[in-house]
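Enquirer: After the structure tokens below, expect a handful of questions from me.
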Amino acid sequence: MTDTAYAKPLPRVTPDNAPFFEGLKAGELRLPRCADCGRFHYPPGPVCPYCFGQALEWAATGGRGAVSSWVVVHKAWFPAFEAEIPYNVVQVELDEGPRLTANMVDAAPGDLAVGLIVVAVADEVTPERYLLRFRRAD
């Protein structure tokens, strides 16, 4: 892929999701956690979707989980990823946290299966921008 491919739009960083992207830049998966019920969730919002508590904090999670579904994508979510088509998108039930969807790197479609254990990785796509992706845990 060329450097110019990422001159196209990438996911927006807003005040609500900035801690998520800052965590990726630091090499960890940070998600909002409810101080009342202790559950992680994403996307962030003003209240916990489980108990409606309003005491939310951003905390690091292990980023490990099992694939619950997957698909091979032949169209880019963002124009910046056109050079990577086709690619694998997995939905992962995190051990600590909610279900997250992201690109699966270093896996052929034949390698994907429900129950496959994966870990979250921060993939640098520009000098200041990191995105969540998943990689096999082994």
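Nothing in this text is a laboratory measurement; each read-out follows from the coordinates by a stated rule. Note that the structure is predicted; figures quoted are calculated from it, not measured. Here the Cβ is made from the backbone with ideal geometry for all residues, glycine too, and neighbour counts use every protein chain on show.
Enquirer: Given H placed on each backbone N at 1.01 Å, which residues far from residue 97 in sequence or on other chains put an amide H within less than 5 Å of it?
Expert: HN-HN under 5 Å from residue 97: 40.
Enquirer: At residue 51 and residue 17, where each label point lies 7 Å from the Cα along Cα→Cβ, what is the point-to-point distance in nanometres?
Expert: 2.7
Enquirer: Same structure, new question: Step through the residues of the stretch 99-107 one at a time and calculate ³J(HN,Hα) from phi using the Karplus curve (6.51 cos²θ - 1.76 cosθ + 1.60, θ = phi - 60°), rounding each to whole Hz and writing x for Gly and Pro.
Expert: 7, 10, 10, 6, 5, 9, 9, 6, 9
Enquirer: In terms of modelled amide H atoms, which long-range or inter-chain residues lie less than 5 Å from the amide H of residue 104?
Expert: Those lying under 5 Å, H to H, from residue 104 are 88, 89, 90, 134.
Enquirer: So what J values fall out for the stretch 123-138 if you push phi through Karplus, 6.51 cos²θ - 1.76 cosθ + 1.60 with θ = phi - 60°, rounded to Hz, Gly and Pro as x?
Expert: 9, 6, 9, 9, x, 10, 10, 10, 10, 6, 9, 10, 9, 3, 6, 7
Enquirer: Taking the Cα centre of each part, how many Å lie between the stretch 8-43 and the stretch 61-138?
Expert: The stretch 8-43 and the stretch 61-138 have Cα centres separated by 16 Å.
Enquirer: From the mean inverse distance of alpha carbon pairs (Kirkwood) and the Cα radius of gyration, derive Rg over Rh for the stretch 13-136.
Expert: Values: Rg = 14.9 Å, Rh = 15.2 Å.
Ratio of gyration radius to Kirkwood radius for the stretch 13-136: 0.98.
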